[in-house]
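Notes follow once the structure below has been shown.
The values are calculated or read from the model by the stated rules, or taken from the named source; none is laboratory data. Remember, predicted model here, so these are calculated numbers, not experimental data. Don't worry about glycine lacking a Cβ; one is built from the backbone with ideal geometry, like all the others, and counts go over all protein chains shown. Each accessible area value is taken on the protein alone, full model and side chains, heavy atoms only, with ligands, DNA and RNA left out. Shrake-Rupley method; radii C 1.70, N 1.55, O 1.52, S 1.80 Å.
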Amino acid sequence: MSALSTPARPALNEADRWPEPFDPECLRGRYGDLAAMSDDQLVDHYARYGRAEGRIASPAALREGFIPLAPADASVLEIGPFCQPVMTGPNVRYLDVLDAAGLRARGEAIGIDTHQTPDVIHFTQGLGEAAGQGFDILFSSHNLEHQPDLIGHLKEAAAALAPGGVYMLIVPDRRYCFDHFLPDLTLARVLDAHLEGRVVHTAQSVIEHRAFTCHNDTLRHWQGDHGPEPDGLDGRVEYALNELKVAAGSYVDVHAWQFTPNAFHQIMTRLHALGWSPFRPLRVYDTAYGRNEFTAVLTMNGGG
């Protein structure tokens, strides 16, 4: 190799391309009380205390450390940007349920800033419309939990990627948001949704989301204050049932799935092992203190 040449970057689907979920140097550099610990001591401390404390064991655990890991020259499809896209640049395309004008109108109706709305939404007929486009990266933030058919979504995502492409995700951690009291997703429920060919959310998901969620103050959740566990006796069940009646079988936007990093890793690993998903986890990063989300990378090859 000549003095002027540079090594080729690792392929996006290679583990070396992404920071390790546990990096002793990251912990030492961030936390003075851990600076003198050996690697083995840090492994033990993180397992016993650090993970539960939300210690940052990798820069990629934070969205501001994760997003820049997408190479500037990679072709990206961001799913569900609404009025605030995360990925920007000439190689980024967008998919949402409305076109740009529709997104702005919806944003204005609910009182959010619409100035960052993409000028063009390239796909508005669902992820299947992007099949064969050969993107290097699919990216979604707080989108996966809204998919009625998780397996179907993963299959469509794979069809939109180029060989060697990856799916980068930012996913809400149910423990630190309004989903706190709802259970993790299960393999049986995920398979049931796919075998049913589900395209709208079930009555169960709508009732859970409307009637059995709690406050959404992330820091309070981290501090152990989750508020009273909902009992369904405050009128919200009736509200959900009426919403379902009015919807008359049409789509109601709620969370279908509740994740933690561990539950996400287990379900994605099992779906792949059983042949139901083309993806397997390449990296899953733990949730950081004061945050209500974790980051992850799925690959169709290899795994971590």
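For this structure, a couple of remarks:
- Where a residue in segment 1-25 is more than 24 Å from Asp40 (Cβ to Cβ) and its partner, wherever it lies, is surrounded by 15 or more Cβ atoms within 10 Å (Cβ to Cβ) and at pLDDT below 90, with Cβ under 6 Å and at least six apart: Asn13/Asn301
- Residue list for segment 148-170, filter: outside any helix (DSSP H, G or I) and crowded, with 24+ Cβ neighbours inside 10 Å: Leu161, Gly165, Val166, Tyr167, Met168, Leu169
- Residue in segment 179-189 that is open to solvent by less than 40 Å² (accessible area, probe 1.4 Å), under 15 Å from the mean Cα position of the chain (by Cα) and farther than 27 Å from Ser75 by Cα present: yes
- Of the residues making up segment 53-105, those that are of a type in the set (Ser, Thr, Tyr), under 21 Å from Trp18 (Cα atoms) and in contact with an Asp or Glu (Cβ under 6 Å, 6 or more places away or on another chain) are Ser58, Ser75.
- Residues satisfying the stated conditions in segment 1-44, i.e. at pLDDT 95 or above, of a type in the set (D, E, K, R) and in a helix (DSSP H, G or I): Glu25, Arg28, Arg30, Asp33, Asp39, Asp40, Asp44
- None of Asp173, Asp217, Asp184, Asp234 is under 29 Å from Phe135 (Cβ atoms), modelled with pLDDT of 95 or more and not β-branched (Val, Ile, Thr) except Asp173.
- Thr88 assigned to a loop (DSSP other than H, G, I, E, B) and without any contact (Cβ under 8 Å) to a residue 12 or more places away in the chain: yes
- Thr117 being under 21 Å from the mean Cα position of the chain (by Cα), farther than 30 Å from Pro21 by Cβ and of a type in the set (S, T, N, Q): yes
- Enumeration of residues in segment 95-111 that are surrounded by fewer than 13 Cβ atoms within 10 Å (Cβ to Cβ) and assigned to a loop (DSSP other than H, G, I, E, B): Ile110, Gly111
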